[in-house]
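For reference, the structure discussed in these notes is given below.
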Amino acid sequence: MNQLVLPRLRAGDIQKAEQVFEKLRYRVPKTKTDLKNYIKVFLGLTIPDKKICHDHDSPMDYLWHSFSADFSKPIKPNADAVIWANRSGGKTELAAIATLLDCIFKPNCQVRILGGSGEQSSRMYDYLVNFLYNGFEQFLKGNVLKGKCGFINGSKVEVLTQSATSVRGLHVQKLRCDEVELFDEDVFAAAKFTTHSIDNVTSAMEVISTMHKPYGLMQKVITNAQNLNTPIFKWCMWEVIEKCIGRNCSQCKLSEDCQGKAKHANGYLKIDDCITQMQRASRASFESEMLCKKPNTENVVFEQFNPDQHIKPIDYDTAFPIYRTLDFGFANPFVCLWIQVDSDGVVRVIDEYLRSRATIAVHAEQLKARTPCCEEKIAATFCDPAGAAANDVTGTGPVRELRSLGLHLKYRKSRIIEGIELIRRAIKTGDGKNRLIISPKCPRLIEAMQCYHYPDNQMAIAAELPEKDGVYDHPIDALRYFFINYARPAKITTRRY
């Protein structure tokens with residue numbers, strides 16, 4: 001049998017091949033495929049590039065967005081991005097790759113790494129250092145120090161501490177916030193002002209995290225990003241799991257969640273490791289940490305609230321009476337909800353009004369203008385009983401002021417737990433029915449229904465007193481006042497003369 005005989009390579013040929021290889025290291029990738037191949041060749045990493053779940057992205061989508069923003073025509077005004085991915089989803093390593101690419105291909109690019117903890121920041125930097133010592137040493141200027149390093153093209157990377165002092169006064173092009181769920185909110189607020197573009201580099205703040213809880217910082221980041229149309233790159237276990245070959249689906253413990261997804265995957269996460277993690281964790285934690293379905297709701301007050309069931313387009317119906325329910329506030333928001341109850345007893349929240357730092361007169365004007373019928377047809381306006389107390393300075397209170405402006409208020413004292421239980425019954429009755437519908441025109445109430453939570457303090461949890469956070473409690477308080485007053489109408493008393 002003839003054997004293929006390869007020609008012997010000469011030393012000169014090997015040297016030429018090495019020179020070509022090194023020239024390619026300096027060539028800027030022009031397409032997403034070029035970038036994926038560059039990372040494969042020079043870092044030895046295969047980045048998953050398949051979107052498995054219909055509303056998700058691939059890790060490669062994030063890397064291409066981060067890298068290409070500075071080469072797009074026209075140049076983007078900013079390259080901000082939110083990365084929401086599962087545990088072991090490669091978020092930190094991918095961000096380190098993005099940092100390396102920024103520094104070697106974008107001259108004078110200043111990159112800072114800010115982690116939810118010192119350990120988290122160091123982990124991304126350690127990935128970067130390992131990449132540098134894997135053939136990129138010639139790009140460096142000086143020694144690689146513990147928390148920073150520089151490049152001959154003027155770029156620089158530095159690790160920041162989790163403090164407001166470290167970010168105030170800072171001006172850089174790229175800021176990567178890793179595990180933002182663990183951030184101090186004051187530090188995160190200060191970090192928003194740190195990024196500035198230069199001629200050849202577009203500013204970018206990348207927020208990277210798993211979403212652990214519905215009332216955490218990542219939840220707020222996602223909501224804000226949706227409002228501002230900031231790109232959100234989301235992937236879960238299925239985008240990074242290894243391809244399933246030769247396994248029997250009927251005998252696999254992941255089959256109920258998988259539904260064949262792993263057969264189309266091209267990631268690196270071992271299937272057996274995923275099975276082990278699923279068996280170790282609670283179902284709520286697995287769905288939150290690995291499947292990115294929803295944040296862990298184990299500590300939320302209305303765990304059974306389901307947007308698919310409880311949010312529907314509904315408008316004012318003249319066939320049913322309409323109610324208003326108020327929670328007073330000045331620095332905290334003044335809240336009004338418009339509610340109807342249909343013939344089946346379903347509570348329909350059709351509109352909301354929230355505003356801070358306005359006078360009672362302004363609120364009264366807005367309430368009248370937004371009410372879809374005349375004041376005489378309002379069945380009742382319920383409110384916080386605390387509003388009946390007179391202010392020590394003015395000698396009056398919001399109840400008295402609103403009454404003087406033509407709004408007839410009713411109130412009844414109650415315990416917080418009592419109102420919460422009535423809301424829960426509406427969310428899901430004893431026979432499993434839904435008796436609460438909220439219009440999409442009430443985004444603040446919808447967010448509160450999902451995020452209103454118990455504090456971490458065990459004594460408060462034992463007392464079943466939710467967190468008074470000044471954000472989610474006010475819309476819920478307004479809803480409580482409706483249920484308390486509607487469920488227990490004021491008694492009618494008769495006097496004899």
For the chain, shape from the Cα gyration tensor axes a ≥ b ≥ c, cut at a/c of 1.5 then a/b versus b/c, turns out prolate
Across the stretch 278-287, in residue order, what do the Karplus-derived ³J(HN,Hα) couplings come to in whole Hz, using 6.51 cos²θ - 1.76 cosθ + 1.60 with θ = phi - 60° and x for Gly and Pro? 5, 6, 6, 9, 6, 4, 4, 5, 5, 5
Using Cα pairs closer than 8 Å and at least 6 residues apart in sequence, work out the relative contact order for the chain, in percent. 12 percent
Fully extended, how many nm does the chain gain between K40 and V346 (0.36 nm per residue separation, minus their Cα-Cα distance)? 104.4 nm
Taking only the Cα atoms of the stretch 103-257, how large is their convex hull per residue, in Å³? 166 Å³
Would you calculate the separation in nanometres between label points at Y316 and R488, each defined as 7 Å from the Cα along the Cα-to-beta-carbon direction? 3.1 nm
Cα-based Kirkwood hydrodynamic radius, the stretch 307-487, one decimal, Å: 16.9 Å
Karplus ³J(HN,Hα) for the stretch 311-328 (6.51 cos²θ - 1.76 cosθ + 1.60, θ = phi - 60°; Hz, whole; x = Gly/Pro) runs 10, 8, x, 9, 10, 4, 10, 5, 6, 10, x, 10, 10, 10, 9, 10, 10, 7
The answer for chymotrypsin sites (Phe, Trp or Tyr not before Pro) in the stretch 141-217 that fall in a DSSP coil and have at most 15 neighbouring Cβ atoms within 10 Å is F193
Considering Cα pairs under 8 angstrom that are at least six residues apart, work out the relative contact order of the stretch 295-422 and quote it in whole percent. 20 percent
Could you go through the stretch 52-57 in sequence order and give the Karplus-derived ³J(HN,Hα) for each residue, using 6.51 cos²θ - 1.76 cosθ + 1.60 with θ = phi - 60°, rounded to whole Hz, and x for Gly and Pro? 8, 7, 4, 9, 10, 10
Which value, in debye to the nearest 20, gives the size of the charge dipole of the stretch 34-103 about its Cα centre, when Lys and Arg are +1 and Asp and Glu are -1 at the Cβ? 140 debye
So how much slack lies between R415 and S72, counting 0.36 nm per residue of separation and subtracting their Cα-Cα distance, in nm? 117.7 nm
Residues S356, S255 in order from fewest to most other beta-carbon atoms within 10 Å are S356, S255
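Rule-based calculations on the coordinates, nothing more; no lab input. Everything numeric in this text was worked out from a predicted model, so none of it was measured. Reconstructed Cβ throughout: ideal geometry from the backbone, glycine too, with neighbour counts over all protein chains shown.
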